[in-house]
1. Out of Arg387, Arg391, I need the residue that is out of contact with any strand residue (DSSP E or B) (no Cβ under 9 Å at 6 or more places or on another chain), basic (Lys, Arg), buried (at least 18 other Cβ atoms within 10 Å of the Cβ) and modelled with pLDDT of 85 or more. Which one?
2. Would you point out which residue out of Glu394, Glu379, Glu429 is more than 22 Å from Val248 (Cα to Cα) and free of Cβ contacts under 8 Å to residues at least 12 places away in the same chain?
3. Give the range 155-199 a look and list any residue that's over 20 Å from Glu369 (Cβ atoms), among the small types (Gly, Ala, Ser) and out of contact with any Pro (no Cβ under 9 Å at 6 or more places or on another chain), or say none.
4. Condition first: assigned to a helix (DSSP H, G or I), more than 11 Å from Trp175 (Cβ to Cβ), among the charged types (D, E, K, R) and free of Cβ contacts under 8 Å to residues at least 24 places away in the same chain. Now tell me which residues in the range 190-222 satisfy that.
5. Which of (1) of a type outside the set (Gly, Ala, Ser); (2) farther than 19 Å from His601 by Cα; (3) in contact with a Pro (Cβ under 8 Å, 6 or more places away or on another chain) is the odd one out, the single condition Val325 does not satisfy?
6. Counting only residues that are surrounded by fewer than 17 Cβ atoms within 10 Å (Cβ to Cβ) and of a type in the set (Ser, Thr, Tyr), which one in the range 571-620 is modelled with the highest pLDDT?
7. Quick one: which residue in Leu423, Leu419, Leu435, Leu399 is at pLDDT below 85 and surrounded by fewer than 17 Cβ atoms within 10 Å (Cβ to Cβ)?
8. Between a first residue in the range 223-237 that is within 16 Å of Lys256 (Cβ to Cβ) and a second residue that is surrounded by fewer than 18 Cβ atoms within 10 Å (Cβ to Cβ) and modelled with pLDDT under 90, which pairs have beta carbons less than 7 Å apart while being 6 or more apart in sequence or on different chains?
Amino acid sequence: MGIQVESTMGRHTPQVVMTSGDVMDDELDLDSALQRIGERIEGIEEGQGRHEEKLDGFREGLHDVEADVVRLSGEVSNVRQEIAGLESTVTETRQTLDTFIEQYGRDREVSKAQAELSRLTTEWHADFAQRKQTRALARGLVHTLTAQAVYRNVVNTATVRACSEERLLLEPAYWLAPATMAVAAKFRDEEEQGERARAHACALDAAKANLFFSLTCSRLGDETEAAAWMDLYLQSLDPDELGQDFLVVLDAIAGKELGEKALGYTRQAMARWNRGASPLSTDTPASPGIRGGTHLDSRLLNLRGRLAENRYAALRKTCGDQWEVLRDGWELSTVPDRTLTHLEYMFPDGFDGADAPVGRGNHVESALERLIDQLEPDEADMREKMRRLERVIEHGGDLVAADRAHESSVGPDAAPVALMTLLDKAVFEPDEVRLGQPARRMALRAIWPDLEEAAQRLVTASRERLPRHITLSVAGWNCSVPTDPQLMAQPGQLVDELATHIERQTQVRSDAVVRRWPRVIAALVIGTFTLALVVPFVDGAARWIFALLTIGLFTGAGWEFGSVPFRRRRVRDQGARLRHEAVATLDRALRQCGDLLEDWHDAVEHLDLLTRWGESHKLD
């Protein structure tokens with residue numbers, strides 16, 4: 001039995017043979033290992049204790065660092081505040097310094113301006129003081145009381161001659177000095193000396209000298225000689241470079257203060273200038289399609305009438321692209337009437353006006369005063385510099401403000417102006433020029449030939465834009481309306497033709513409404529096929545869908561078969577409404593077309609009224 005057991009165990013487990021010595025050795029090893037593990041645990045506990053002590057030290061150090069950081073943060077905030085305060089102080093200092101530098105620069109400019117002004121003032125008195133006395137002498141010599149005093153022997157002519165000769169000696173290059181000497185020679189009846197003095201004055205400045213002698217002769221009552229000198233003055237002028245002082249001269253001439261001859265000479269000169277290269281006869285882009293457009297064309301175009309957007313609305317809608325041409329031509333046709341209305345408003349007394357009394361010499365006196373007081377170019381240049389320096393001082397050295405104030409103080413009177421531009425403004429912009437009614441009427445007389453020619457040009461352009469026929473399009477039907485009043489068609493006839501045309505179209509459309517057999521047959525075939533071959537073999541919702549489809553097909557076929565009368569009636573109703581609207585539109589368009597053409601032809605006829613209004617000009 002024992003042998004069998006061993007064999008059996010030997011087959012299932014390995015055989016282990018252990019002695020008592022081996023068991024004791026294993027126990028010793030286990031104790032040793034446990035002892036070593038305990039020692040390691042104690043070492044770890046000791047290390048953990050040491051680490052905790054270090055961590056406590058670290059915590060204390062971190063707390064100290066934290067306190068230092070807080071302290072440093074406060075110090076940084078204080079430094080930032082100090083820096084901000086320093087920056088503010090630096091900014092204020094910089095602003096103060098900039099203000100000081102700017103003020104210093106302005107003060108320096110003021111000092112320089114004061115020094116320069118003082119120098120120029122000294123130079124002015126040194127160079128031009130004699131001219132002031134010459135002007136005073138001339139002002140006294142041309143006065144009517146002086147002439148009366150000389151002729152009554154109240155003033156010795158020798159004194160007059162001595163004073164005038166002294167002025168010539170002191171100012172030999174100033175035209176007014178020999179001019180006053182010529183006046184003094186006239187008082188002494190010294191023709192030869194006066195002629196030489198006048199020649200000397202004209203050599204220095206022909207335009208001013210001629211005007212001075214003309215105004216002086218007029219003031220002393222010699223209109224014939226005044227007219228002769230005025231003719232020479234006009235010949236010496238550049239019509240494109242006139243000062244504003246000429247306005248006063250023109251007022252004096254128009255008021256017949258220089259006599260009829262001077263007025264005639266001036267009219268001839270203006271006509272001569274107008275025939276030359278003047279702004280009124282120079283081609284300018286007045287309006288597209290107007291040949292030979294001038295500045296006056298633009299003036300007249302600005303006066304033309306304008307069509308309102310809601311006027312001739314039916315005609316505007318039916319004539320298509322022709323409306324732009326019709327509108328432009330109609331507006332051009334209003335030019336004569338609008339021009340005549342403007343001229344009658346500006347000149348209520350007519351082209352020639354009422355016979356105004358001869359002026360009392362106020363304009364001559366004013367023109368003579370302005371001529372005598374007028375500065376010479378070297379004086380004007382120095383005066384301009386002095387005025388600018390005064391502006392610099394007034395504005396405390398601010399050069400920009402000084403320049404702006406100086407430019408605003410220089411009025412438009414300083415700029416020269418072309419005579420024809422001046423006359424044009426006198427007629428169309430009277431507020432822009434300081435001219436009296438006689439001078440403005442004289443300006444109208446001067447530009448009248450050009451104005452009449454411009455009006456004729458615009459009327460011709462209007463007639464060219466009037467087409468022979470106006471095509472009106474209503475509801476797809478076109479008709480041609482002649483613009484000749486004698487060939488105008490009767491509106492009723494065109495309206496009847498339009499109504500007949502629409503009725504025919506309506507009848508054609510109504511006859512075109514028939515039974516569409518392909519649709520009927522297709523609907524019946526598809527419905528029969530669906531009813532016979534589809535509906536019996538489907539169930540549920542599909543059967544209902546196909547059943548409804550079949551009913552719809554049969555209903556559509558029935559409607560197509562029986563709806564022809566209803567559809568024809570609807571087409572006829574639509575045609576009736578279209579005919580009513582189209583007839584009303586055409587009737588309005590024809591009436592508006594007639595009104596526009598009537599206004600057009602009447603406006604063109606106003607050219608004759610404009611021409612007759614200025615016929616007195618041609619009789620002169």
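The values are calculated or read from the model by the stated rules, or taken from the named source; none is laboratory data. Only a predicted model underlies this, so the values are computations on that prediction, with no experimental measurement involved. Positions of Cβ are generated from backbone atoms using ideal geometry, with glycine treated the same way; all protein chains shown enter the neighbour counts.
1. Details: Arg387 fails: buried (at least 18 other Cβ atoms within 10 Å of the Cβ).
Arg391 is the lone residue from the list that is out of contact with any strand residue (DSSP E or B) (no Cβ under 9 Å at 6 or more places or on another chain), basic (Lys, Arg), buried (at least 18 other Cβ atoms within 10 Å of the Cβ) and modelled with pLDDT of 85 or more.
2. Glu394
3. Matches in the range 155-199: Ala158, Ala162, Ala173, Ala185, Gly194.
4. Glu191, Glu192, Glu195, Arg196
5. That leaves (2) as the condition not met.
6. Within the range 571-620, the match that is modelled with the highest pLDDT is Thr611.
7. Leu399
8. Glu223/Lys261; Thr224/Lys261; Ala227/Lys261
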